Structure formats: structure tokens, C-alpha cells
Amino acid sequence: MILLLLFCTKTVDCCPLSVDKIKEAVERQLRDYPKSTLQDLYKSFFQDRFGPGHLVNDTASAGKYLRHELNNAESFHKNYYEPTGCDTNYYRVNLSVLKENKVTYHQFFDAFLRSVKNVDLEDISGWKDEWSFIESVIISMDLNLKNFEEDLGMIHSILEQGKYAVHHSEIYNSEHHPHYRIIEKKIFEEEILNLINIH
């Protein structure tokens, strides 16, 4: 408890980080995506904190890439959507909702872009400490994740370089075929969720 309180003084925006919520998030991801590695867990927690902001620099290019991915994806995961990390600040929304005409392209892309605008990447300075705490909880779970030591070293290395974002692992990509975009919680729940559920 003392450790958690000390940690929270460094991370006002997500304080307090709950050990139980972190464990629940990890268990959920490993249940739905059993081939997840530490790299993939890191990505989910990072997305929960910062959303899609690190992905979009050019709206036109983002739109072009979305259409390309949608037209070329051959398979999709069964989940239409899922929460990120342990605080559910964002959702991963599967492109299958577009493929199955549950949501229009305009509705989807507009929600995605507005989610990016809500992100302040200048607030990233405390992420290294936040991840250190999350990582310690994951280690305590003794999960026997594939390539764990390699992923651990890679994540520490990028954080030391002042970098933060990672891709999904190769095994995750090959097994789970991730095709999604990140949408902020309020936007998703108020504008997109009902469209998915009524179809």
C-alpha cells in the first residue's frame, strides 16, 4: 500500500493505479488473445493512457491507410470492440464493424479523428514510471509469456531512449489478425456502441 501511494504522487492523471484492475486487464487480454506477449500487453496499457495520438500526423494519409487496410484484411477477430488497459479510457474498435456495415465509414473515421484530438502527448513524461508499476504487477503474476526477457529488454530500451509506442508482436499479428482503430471512451459509448448493438 505504501508503494502504491508513493507511486500515485507521480501519476496524478491515473491515480491510483489498482493492482486488481491491472491483473484483470491482463487476464482479459490473455483470455481473448492467448498469444499476447509482454509487448502486446504494453501496447494495450499505453493505448489506454494515450489513445491513438501517436499514430496520426496526416489526416489524409490516415484515411487512405484505413481504406487500404479495410479492403485488404482477410480475417478479423470475433470481438467488435474491447477496452484498452485497466482504466478503459479508450476502446479498440474492430474494422469488421465497417466491413459488416454496422457503422458508416464517416461515423467511424470521424470518431477516430476526434479521439486523437483529445490526446495531449506532452503529458507523457510520467509514463515510464507508470509502466514500471504495471510491469511489476505483470511480473508478479508469473505468466510465462513467450519472449518475455526479450520484450522486457526492448521496452526498457525504447523508454530509455525517450520513445514510447510499439507495434504488436509478430506472433500476435499472425495469430489474432488485429485490424482496429482506437476511439475515446465517451465518443465510442455515446456514438458508436448503439450502432453496433442494433445491427
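Summed over the stretch 114-163, the residues that are more than 27 Å from residue 189 (Cα to Cα), part of a helix (DSSP H, G or I) and open to solvent by 70 Å² or more (accessible area, probe 1.4 Å) give a count of 7. For the stretch 175-189, the criterion of being open to solvent by 40 Å² or more (accessible area, probe 1.4 Å), in a helix (DSSP H, G or I), closer than 28 Å to residue 96 by Cα and not basic (Lys, Arg) is met by at least one residue.
Among the candidates 96, 132, 115, the residue that is farther than 30 Å from residue 196 by Cβ and small (Gly, Ala, Ser) is uniquely 132. In the stretch 26-51, what residues are touching a helix residue (DSSP H, G or I) at 6+ places or on another chain (Cβ under 7 Å) and of a type outside the set (S, T, N, Q)? Listed by number, the residues that qualify are 26, 33, 35, 38, 40, 41, 42, 45, 49, 50, 51.
Pairs linking a residue in the stretch 23-37 that is more than 15 Å from residue 140 (Cβ to Cβ) to a residue that is β-branched (Val, Ile, Thr), with Cβ atoms under 9 Å and 6 or more positions apart or on different chains, are 35/171; 36/26; 36/171; 37/171. The condition of being surrounded by 15 or more Cβ atoms within 10 Å (Cβ to Cβ) and at pLDDT below 90 holds for only one of 26, 19, 56, 12, that being 56. Every condition in (1) part of a helix (DSSP H, G or I); (2) open to solvent by 70 Å² or more (accessible area, probe 1.4 Å) is met by residue 101 except one, and the failing one is (1). Looking across the stretch 164-174 at every residue that is hydrophobic (A, V, I, L, M, F, W, C) and not in a helix (DSSP H, G or I), the one that is modelled with the lowest pLDDT is identified as 165. Of all residues in the stretch 146-161, those being modelled with pLDDT under 95 and touching a helix residue (DSSP H, G or I) at 6+ places or on another chain (Cβ under 9 Å) number 2. Among residues of the stretch 110-134 being among the small types (Gly, Ala, Ser) and modelled with pLDDT of 90 or more, the one that is nearest to residue 26 (Cα to Cα) is 132.
The values are calculated or read from the model by the stated rules, or taken from the named source; none is laboratory data. Because the structure is predicted, anything quoted here is derived from the model rather than measured. Ideal geometry is used to build each Cβ from the backbone, glycine not excepted, and the neighbour counts take in all protein chains shown. For accessibility, only protein heavy atoms count, side chains too; no ligands or nucleic acids. Shrake-Rupley method; radii C 1.70, N 1.55, O 1.52, S 1.80 Å.
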